[in-house]
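The values are calculated or read from the model by the stated rules, or taken from the named source; none is laboratory data. Being a predicted model, the structure only gives us computed values, none of them experimental. We place every Cβ from the backbone using ideal geometry, glycine too, and count neighbours over all the protein chains shown.
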């Protein structure tokens, strides 16, 4: 019997902690972080950010060896990040697309951290994105 391929996806909900990120990156499982979570898990395997505006703001400051991914054709062309073509064209958020990327990369099980799915305790662990970037509503 073979081992199940497990990925860990880290989104930016207010429940996310630096300790969770350290445990995830030390687990030996592939880790995909969403957007600014890269600052809590710089040793992750993959960074996913859907919006070209996020790449515009942060690309020049990124210090990571992670494979970088987006669904934005503009970000792909402008910054050379990997282009992920999801299986649907419906509305989405980066956390959802990170899970789809995990499945695309071979995940059979996905552990979710920071996927609060509520605004009751705030939008992100890092507070609101700065002007020009989208926040959940």
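Within region 89-101, residues that are at pLDDT 75 or above have Cβ atoms under 8 Å from residues that are surrounded by 23 or more Cβ atoms within 10 Å (Cβ to Cβ) and in a helix (DSSP H, G or I) in these pairs: 94/35, counting only partners at least 6 apart in sequence or on another chain.
Here is a yes/no grid of residues against (1) under 22 Å from residue 107 (Cα atoms); (2) in a loop (DSSP other than H, G, I, E, B):
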position: 19; (1), (2): no, no
position: 25; (1), (2): yes, no
position: 28; (1), (2): yes, yes
position: 60; (1), (2): no, no
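Kindly evaluate residue 37 against the criterion of being touching a helix residue (DSSP H, G or I) at 6+ places or on another chain (Cβ under 8 Å), buried (at least 20 other Cβ atoms within 10 Å of the Cβ) and at pLDDT below 95. Answer is yes for this residue.
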